[in-house]
Amino acid sequence: MSVVLIVVLALVVLVLGASVLLGRATSEVESARDTEYLELEGVLIRYNVVGGGPPVVLVHGWLSSSRLWEQLAGRLAQRFTVYTLDLSGFGESDKPLAGYGIRNGSRLLYAFCAHFGLTRANVVGHDLGGAMAVKLAADHPDVVGRLVIVSTPADEDQIDVPTMLWLATLPVVGPLFYALGRAARPVRRQWMRPFVADPEDLTDEVVDDAGRSTPSAVSKTLSIGRREISRGRLARQARIIKIPLLVVAGEQDQIVDPQSVGVWAGGMDRAEISLIDECGHLPMIERTAEFNAQILAFLTGDPRYLDYVPPTAATPQEAEEQTTETDELVEPGETPSDDTEDLPPPTTDADRDSVPKVVRKRNGTYPARSRPPLPEEPLPAEETKATRARREPTDEHFLPELPADLFDWPETRREFGPTERRRDEE
């Protein structure tokens, strides 16, 4: 019995020792080219710049990298200069032992913007990267011109990490579970499965990025970040932000409670909300066209981008009919057009301050944001007051007022998709 006990104790000591060593593992960039890496805050950061025009900075979140923004960056590059970066500890940047959390991430973003001389830049942040962007806008109002936060928690209680992934963040044995996930791709896929509403939307890049970090970066980014947003600390500080804000969330997000959108937008006068139905934690991947349209409409102030959002998925028969009709319209040797061609510049910026507070799908598509009024036609002199009254717009031309509870819309509005109605019936 004593021999067995000694063996068990030896194994426990070996496991704990290995876990401690793995938890203190770091990673440094071996070959850093000036066109791809910057040294900021003593850390080499991988970055990329594409396009031309006003600056847009894209900030990824936890367990991710700048590859998350490839679709959006390509779309924005037609109108903007797009800056992407891998945060410290993730992607292809250095992965030190310390220096994580929202405050440190905000400092890194400020150093990044200062290096390129960016002022009044548009910043788009996802997950905890969105919290870093909020901190940046609150501390340095001259740096951020417009702010978009996507699936961003406003309080630590709004974060729900899946059990398999939660094991990899534990203080002592977490590094062993993370090492197991790095070595076994199926384990990483189980980690990331709850991040999307439909398993088919889970891309290889998302799964791979989850295993490109270190145990220290993964656990400390989450633990420090949760402590920094606890009890709504950052949300209260965000109330001093006076710039336009767009809050985006998927209504089926299992990682961050969608109710967080109300917390972020509640204390800001120039905030609007976009809730995407049948979407989880990664709207830029799950609903790419819808997400890109919302971002472009907000950054440019041009509501026409929302007109190019495709309707909800059609049945196989309808899809076949649409394909047949498209093929008949395309001449031989030509390729069907898509929505990647950019729109002409808007004729007015009046739409920037007249957008609705909440944007939801209606009958499979997004309602167009308010447009400039059409010029009034001259009325005949003999027109009566009654006729004039009939020509005046009625309430049906306007969107309903924002309710006190963002998630308590009357069923008669028909603003919930089939998924929401089924949930109410249950």
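The values are calculated or read from the model by the stated rules, or taken from the named source; none is laboratory data. Everything numeric in this text was worked out from a predicted model, so none of it was measured. FYI the Cβ positions are ideal-geometry reconstructions off the backbone, even for glycines, and counts take in every protein chain you see. We work out accessible area using only protein heavy atoms, side chains counted, and drop any ligands, DNA or RNA first. Shrake-Rupley method; radii C 1.70, N 1.55, O 1.52, S 1.80 Å.
Summarising the amide proton neighbourhood of Glu278: residues at separation of 5 or more, or on other chains, whose placed amide H is nearer than 5 Å comprise Glu251, Gln252. In the range 164-314, a dipole from Cβ-located charges (positive for Lys and Arg, negative for Asp and Glu) runs towards its positive end, and of Gln294, Ala168, Gln259 it is Ala168 whose Cα lies farthest in that direction.
Can you quote the Å³ per residue value for the convex hull of the Cα atoms in the range 63-189, rounded to an integer? Intermediate results must be reported in sequence, preceding the final value.
Details: hull volume 16.4 nm³, N = 127.
Per residue, the Cα convex hull of the range 63-189 comes to 129 Å³.
Counting every C-alpha pair in the range 36-135, the share spaced more than 19 angstrom apart comes to 34%. Couplings 3J(HN,Hα) for the range 200-209, derived from phi with the Karplus relation 6.51 cos²θ - 1.76 cosθ + 1.60 (θ = phi - 60°), are 5, 7, 6, 8, 5, 5, 5, 5, 5, 4 Hz, where x marks Gly and Pro. Protection proxy ranking, highest mean first, for peptides 82-89, 52-59, 183-190: 82-89, 52-59, 183-190, where packing is the per-residue count of other beta-carbon atoms within 10 Å, averaged. Excluding ligands, DNA and RNA, the accessible surface per residue across the range 159-257 is 44 Å² with a 1.4 Å probe.
Whole-Hz Karplus values for the range 131-138 come out as 5, 4, 5, 5, 4, 4, 5, 6 Hz, taken residue by residue from phi with 6.51 cos²θ - 1.76 cosθ + 1.60 and θ = phi - 60°; glycine and proline positions read x. Evaluating 6.51 cos²θ - 1.76 cosθ + 1.60 at θ = phi - 60° for every residue in the range 225-235, the Karplus couplings come out as x, 5, 5, 6, 9, 4, 6, x, 4, 5, 4 Hz, glycine and proline recorded as x. Database remark: amide H of Gly125 closer than 5 angstrom to the amide H of Val59, Val148, Ile149, Val150 (H placed geometrically; neighbours at sequence offset of 5 or more, or on other chains; Pro and chain starts carry no H). Counting every C-alpha pair in the range 133-266, the share spaced more than 21 angstrom apart comes to 49%.
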